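Bear in mind these aren't lab numbers, they're just calculated from the coordinates by the rules spelled out. Because the structure is a prediction, the values reported are computed rather than measured. Cβ sites come from the backbone with ideal geometry, for glycine too, and all protein chains shown count toward neighbours.
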Amino acid sequence: MAMEMRLPVPRKPVSESLGRETKKHLVVPGDTITTDTGFMRGHGTYMGEEKLIASVAGPVERVNKLICVKALKTRYNGEVGDIVVGRITEVQQKRWKVETNSRLDSVLLLSSMNLPGGELLGQGVLVQVPPSLVKRQKTHFHDLPCGASVILGNNGFIWIYPTPEHKEEDAGGFIANLEPVSLADREVISRLRNCIVSLVTQRMLLYDTSILYCYEASLPHQIKDILKPEVMEEIVMETRQRLLEQEG
Amino acid sequence: MAGLELLSDQGYRVDGRRAGELRKIQARMGVFAQADGSAYIEQGNTKALAVVYGPHEIRGSRARALPDRALVNCQYSSATFSTGERKRRTHGDRKSCEMGLQLRQTFEAAILTQLHPRSQIDIYVQVLQADGGTYAACVNAATLAVLDAGIPMRDFVCACSAGFVDGTALADLSHVEEAAGGPQLALALLPASGQIALLEMDARLHEDHLEQVLEAAARAARDVHTLLDRVVRQHVKEASILLGD
């Protein structure tokens, strides 16, 4: 088995030209955001002797009279209507405790298992990413044309699974589909997983288009090469280009 | 130690610094992808690594959960190769426990724990190389790691050590200066408000000199704050450029 080892290299500083031209107001904890008491304080701020002080490091967001500071990396905070993917950690009498990358474990009641909403997932791959990198969209269930499907949970848990051939009516309950997944499907799923990991290391927003472009950009490389730093940079750069072209 | 001059007549210390001068500080945030927050700091030859997990559900006994605040759990560990002589330390030994307790007190004062009731925040600090000022390096590394994890804090917590030799207060002591046996003080400060998070000294110092030493430590802690502030701003700027929205 071949193994690759590398020496550490100094990190290249991120070039300014990569981003848009907007200059954001960045604060760190202890910074005074404003001394104007007319504003309402949102997340990431607190009131201290007549002035509004930041409590996390990040850009200041202002929506009319509400000021908040968005931290770069936080645990997931649930909102109504969000789709989340969780991992069962504990089974209690009438409910299950689910880990969803938030500050407390979530609860899933057994009675809600058959309602549209709580759905147990069969074979697939789970990828954990920071929640702030998952873009909010109208739908989070995507069937990608490359042959696999992906569920982008708002909490940063992403589930990649082979597209089911036909949509079957679940006759209540969960029947694990234990048929072995074909090699072609498996390769697609691993490639997707590596693409998502490389997008995350380059801190790009994750949504169906970005994942798809990254997948297409990675096709000339072998699946295991995608995780090499220079290949990763190359395909993410290409993805960025295509996304910029598509918008502008 | 006979013949070792901690402060020369011209005002230079053993390593060539002035009395109030800090050692070179280099820091990096986000060194571990798996943890919620992580940071690495070098203060001269003292190197410390901090990793933060949380806030998350309380592991182990649910009874320890506080109904209105988060539980802060700090663990300190020192690598076997961190000192001049290789020394294997067991996990629960006295020094580690005491350091852990001091770190916990420091961060409970700074983290806004009311925002996360019934959860737990874990801070793990490891000293990779100890050349004096280990408590200060641990606090500074842990501050950066907590910021990296996005946990809300009142302010930075910046720490520095200080000593007293020949009527002059020295800031940021190295191992040689600590081993010489003079009084040493460790101070953790919240710079914006000037509030003290932790002040620790276990030596004999005349109370007339206390203010001078405290002042030197506070000034050094503020200098540390300037440096850490720059590191955090650079990190946030890079991250928001990459995110591009």
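Above 17 angstrom, tally the Cα pairs of region B:148-245 and express them as a % of all pairs, no decimals. Value for region B:148-245: 57 percent of Cα pairs lie more than 17 Å apart. With 20 Å as the limit, the listed pairs A:LYS24/A:LYS70; B:LYS47/B:LYS95; A:LYS24/A:LYS138; A:LYS73/B:LYS237; A:LYS224/B:LYS237; B:LYS47/B:LYS87 have A:LYS24/A:LYS138; A:LYS224/B:LYS237 beyond it between alpha carbons. Measure nothing fancy, just the Cα-based angle from helix B:134-148's long axis to the longest principal axis of chain B, in degrees from 0 to 90, nearest 10. With both axes taken from Cα atoms, the answer is about 30 degrees.
Among the helices of chain A, those built from whole DSSP H runs whose Cα atoms reach 24 Å or more along their own axis and whose mean Kyte-Doolittle hydropathy is at least -1.0 are A:183-201, A:229-247. Counting, for every residue in B:232-239, the Cβ atoms of other protein chains within 10 Å of its Cβ and taking the mean gives 6.
Across all Cα atoms of region A:35-144, the radius of gyration (one decimal) and Dmax (whole number) stand at 18.4, 55 Å. Close amide H pairs (under 5 Å, H built 1.01 Å from N) link B:ALA192 with B:PHE156, residues at least 5 positions away or on another chain.
Find the Cα radius of gyration of the protein assembly as shown, compare it with 2.2 N^0.38 Å by division, and give the number to two decimals.
On the way: Rg = 25.7 Å, N = 493, 2.2 N^0.38 = 23.2 Å.
After normalising by residue count via 2.2 N^0.38 Å, the value is 1.11.
Against chain B, whose longest principal axis is taken from its Cα atoms, helix B:94-110 shows a tilt of about 70°. Note on B:191-200: average number of Cβ atoms from other chains within 10 Å of each residue's Cβ is 1. Of all the Cα-Cα pairs you can form in chain A, what percent are over 33 Å apart? When every Cα pair of chain A is considered, 34 percent fall beyond 33 Å. Note on A:LYS51: aspartates and glutamates with a C-alpha under 19 Å away, same-chain residues under 8 apart excluded, are A:ASP31, A:ASP36, A:GLU61, B:ASP155.
The value obtained for region B:1-77, namely the Cα convex hull volume divided by the number of residues, is 176 Å³ per residue. Here the relative contact order of chain A, from alpha carbon pairs under 8 Å that lie six or more residues apart, stands at 12 percent.
For region B:95-195, a Kirkwood radius taken over Cα pairs fed into Stokes-Einstein (20 °C, viscosity 1.002 mPa s) yields D = 146 µm²/s. Using all pairs of distinct alpha-carbon atoms, the Kirkwood hydrodynamic radius of region B:1-149 works out to 16.8 angstrom.
Just tell me how shielded B:55-65 is by partners: mean number of partner chain Cβ atoms within 10 Å of each residue's Cβ, no decimals. Can you show the working numbers first?
Numbers: counts 5, 7, 9, 2, 0, 0, 0, 0, 0, 0, 1.
The mean count of partner-chain Cβ atoms within 10 Å per residue comes to 2.
When the helix-only estimate is applied to chain B (DSSP H runs of n ≥ 4, each -39,500 (n - 2.57), divided by the residue count), what is the mean residue ellipticity at 222 nm, nearest 500 deg cm²/dmol? Before the final figure, lay out the partial values.
On the way: 4 runs with 74 residues, N = 245.
Taken over chain B, the calculation gives -10500 deg cm²/dmol.
Counting only residues at least eight positions apart within a chain, or on another chain, the aspartates and glutamates with an alpha carbon under 12 Å from that of A:LYS97 are A:ASP105, B:GLU57. Computed over region B:89-146, the alpha-carbon pair-distance distribution with 5 angstrom bins reads 4, 15, 27, 25, 16, 8, 4, 1, each value a whole percent.
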